[in-house]
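**Student:** This is the structure I want to talk about, given as structure tokens.
The values are calculated or read from the model by the stated rules, or taken from the named source; none is laboratory data. Keep in mind it's a predicted model, so treat the numbers as computed, not measured. Cβ: placed from backbone, ideal geometry, glycine included. Neighbour counts: every protein chain shown.
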Amino acid sequence: LVIVLDFGGQYNQLIARRVREANVYCEVMPYDTPIETLKEKNPKGIIFTGGPSVVYEDDAPMVEKALFESGIPILGICYGSQLMGYVLGGQVEKAEHREYGKTDLTVDDTNLLFENVEKETICWMSHTYYISEPPVGFDIIATTKTCPVAAMVQPEQKLYAVQFHPEVVHTPEGTKIIQNFLYKVCACSGDWVMDDFAQEQIKALREKIGDKKVLCALSGGVDSSVAAVLIHKAVGKQLTCIFVDHGLLRKNEGDDVERIFKKEFDMNLIRVNAQDQFINALEGVSDPETKRKIIGEEFIRVFEAEAKKIGTVDFLVQGTIYPDVIESGTKNAAVIKSHHNVGGLPEHVDFKEIIEPLRDLFKDEVRNVGRAIDIPEFLVSRQPFPGPGLAIRIIGDITREKIAILQDADYIFREEVKNAGLDQEIWQYFAVLTNSKSVGVMGDERTYHYTIALRGVTSIDGMTADWARIPYDVLEKMSTRIVNEVGHVNRIVYDITSKPPATIEWE
Ligand code: XMP
């Protein structure tokens with residue numbers, strides 16, 4: 001175990017991620033965790049994160065000097081390094097030149113921390129203060145043009161400090177530096193895997209929940225599925241899942257979700273068939289934001305009505321993952337689309353506490369936890385699917401007929417992406433029922449039918465995206481199949497806009 005001691009920096013979770021990527025188990029703990037608690041955990045090392053404070057300020061987060069004398073190896077990063085310098089008697093000053101961004105770094109490559117790191121390398125800096133003089137007994141092991149102590153070490157006590165951020169990708173050798181600390185300094189073996197995380201979580205959830213009741217809104221998406229199965233493994237039928245089928249899911253999806261969780265996992269799952277309610281509420285509505293609002297509100301209404309039947313529960317599960325935590329922290333951006341399932345907590349459900357078992361994980365880590373607890377691959381590697389579902393992929397008003405057409409076209413498109421072996425490469429791909437009809441000719445007959453648009457994008461996080469270069473022959477096959485197999489469609493177009501300026505979804 002390595003403890004990441006949190007001083008409030010922006011990249012804290014990224015540090016934890018780098019440690020886990022090095023196959024070392026870690027836990028993020030607040031900076032004011034008592035020394036005894038830290039010692040009881042018997043960590044092989046501690047990493048101090050960065051943070052926004054200045055060490056001299058009255059309310060600056062501190063640690064006791066005794067922690068440095070505990071024999072546990074410590075790596076201080078940014079604020080964490082200044083704190084180490086300050087508490088141990090070095091000088092911390094305001095830098096004349098604020099360093100921000102990519103910076104040339106010269107390291108002492110004979111030091112353990114920089115083993116196999118190029119002597120002249122690049123690091124990512126983001127600081128206003130720096131250590132101008134290290135505490136007695138420390139050696140300087142890296143410098144930049146304006147930062148005299150870019151890294152320092154007290155070898156006997158295994159205290160290391162870096163002013164730069166080794167955890168971000170802009171420090172190309174950062175991963176190596178963190179791994180040197182973990183493997184060489186802390187002597188971690190690096191044999192921890194996601195299975196262990198899953199088992200630890202299950203054990204911790206079992207302890208936390210005891211014999212109490214838990215409620216979960218299950219959508220069948222990756223996050224809520226993994227969260228629900230983790231809790232199910234911990235407390236079995238004390239967990240009740242409510243799956244609201246709004247009728248705007250992909251073809252067969254509602255039945256798949258029911259089958260997997262009810263039959264295969266033997267979970268307490270209530271499927272609410274609210275298709276009519278949603279479709280009625282959406283009747284005649286074509287404005288995208290209105291559609292989104294209606295679905296968000298209906299969802300909460302249906303969920304609350306169902307939860308009422310269950311009565312008071314102790315815990316409500318949320319499939320929040322780490323990027324959601326970061327994003328909800330910066331809510332100054334203009335509203336482009338009001339996302340369903342962000343901030344949409346039911347008000348009238350009786351619960352005492354929220355549990356978020358995936359709060360510290362990135363998406364790919366969530367998928368790995370899912371694999372570790374035997375969730376089928378098609379579910380864990382599933383592409384993102386918006387909460388409002390097909391409602392925002394049918395331009396204009398929504399009818400049952402249009403939903404059926406889109407489900408069929410989308411099914412064929414996804415099948416052919418898979419057949420072409422492109423399903424891992426393309427980040428998200430789906431069909432859109434444009435509201436436009438055009439003239440065609442089929443079997444010497446005039447047709448006047450819908451145009452289906454196909455959308456495939458590559459992306460890292462959905463914030464920006466490029467259109468996927470699907471080969472022409474694959475597109476041709478998709479087009480032919482959809483027009484031949486799906487009624488009321490006579491034209492297929494492929495969307496070749498990136499995001500920005502377009503968005504991934506059409507509405
Ligand atoms: P846009 O269309 O904004 O989509 O480029 C970015 C990503 O977000 C997904 N998306 C949603 N996800 N609830 C969600 O959970 C929503 O309301 C929603 N709207 C869009 C979209 O599929 C893409 O992956």
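**Student:** Give just the number: which of (1) away from the ligand (no atom under 16 Å from the Cβ); (2) of a type in the set (A, V, I, L, M); (3) within 17 Å of the chain's Cα centre (by Cα); (4) at pLDDT 90 or above does ILE354 not satisfy?
**Tutor:** It is condition (3) that ILE354 fails.
**Student:** What pairs come out if I take residues in segment 151-172 that are at negative phi and pair them with residues that are among the aromatic types (Phe, Trp, Tyr) and assigned to a strand (DSSP E or B) whose C-beta lies under 7 Å away, six or more apart or interchain?
**Tutor:** Pairs found: VAL153/TYR160; GLN163/TYR130; PHE164/TRP124; HIS165/TRP124; VAL168/TRP124; HIS170/TRP124; THR171/TRP124.
**Student:** In segment 116-129, what residues are out of contact with any Gly (no Cβ under 9 Å at 6 or more places or on another chain) and not acidic (Asp, Glu)?
**Tutor:** Across segment 116-129, the qualifying residues are ASN116, VAL117, LYS119, THR121, ILE122, THR128, TYR129.
**Student:** Find the strands (runs of 3 or more DSSP E) located wholly in segment 389-507 whose residues include 1 or more that are in contact (Cβ under 8 Å) with a residue 60 or more places away in the chain and surrounded by fewer than 20 Cβ atoms within 10 Å (Cβ to Cβ), and list them.
**Tutor:** Those strands (runs of 3 or more DSSP E) span 428-442.
**Student:** Could you tell me whether any residue of segment 90-101 is among the hydrophobic types (A, V, I, L, M, F, W, C) and either surrounded by 24 or more Cβ atoms within 10 Å (Cβ to Cβ) or under 25 Å from VAL169 (Cβ atoms) (or both)?
**Tutor:** yes
**Student:** Select from segment 269-301 the residues that are among the basic types (Lys, Arg) and touching a residue at least 60 places away in the same chain (Cβ under 8 Å) and write down the one among them that is nearest to the ligand (Cβ to nearest atom).
**Tutor:** Checking each candidate, the answer is ARG292.
**Student:** Out of segment 388-424, which residues are within 27 Å of GLU377 (Cα to Cα), charged (D, E, K, R) and more than 16 Å from the ligand (Cβ to nearest atom)?
**Tutor:** Selection gives ASP408, GLU415, GLU416, LYS418.
**Student:** When VAL457 is evaluated against the numbered criteria (1) touching a Phe, Trp or Tyr at 6+ places or on another chain (Cβ under 7 Å); (2) closer than 17 Å to LEU406 by Cα; (3) of a type in the set (A, V, I, L, M, F, W, C), which criterion, by number, is the only one it fails?
**Tutor:** Answer for VAL457: the failing condition is (2).
**Student:** Among the residues of segment 316-346, write down those that are away from the ligand (no atom under 15 Å from the Cβ), at pLDDT 75 or above and farther than 24 Å from GLN10 by Cα.
**Tutor:** Those that are away from the ligand (no atom under 15 Å from the Cβ), at pLDDT 75 or above and farther than 24 Å from GLN10 by Cα: LEU316, VAL317.
**Student:** Go through (1) farther than 25 Å from TRP506 by Cα; (2) at pLDDT 95 or above; (3) part of a helix (DSSP H, G or I) and name the single condition LYS308 misses.
**Tutor:** Checking LYS308 against (1) farther than 25 Å from TRP506 by Cα; (2) at pLDDT 95 or above; (3) part of a helix (DSSP H, G or I), the one that fails is (2).
**Student:** Now for a separate question. Could you check segment 1-112 for strands (runs of 3 or more DSSP E) lying wholly inside it with 3 or more residues that are farther than 25 Å from TRP192 by Cα?
**Tutor:** The strands (runs of 3 or more DSSP E) meeting that bar are 91-107.
**Student:** When residues of segment 279-296 are filtered for being assigned to a helix (DSSP H, G or I) and within 18 Å of ASP397 (Cβ to Cβ), how many remain?
**Tutor:** Of the residues in that region, 12 qualify.
**Student:** Considering only segment 425-469, state which residues are away from the ligand (no atom under 16 Å from the Cβ) and of a type in the set (Phe, Trp, Tyr).
**Tutor:** Those that are away from the ligand (no atom under 16 Å from the Cβ) and of a type in the set (Phe, Trp, Tyr): TYR448, TYR450.
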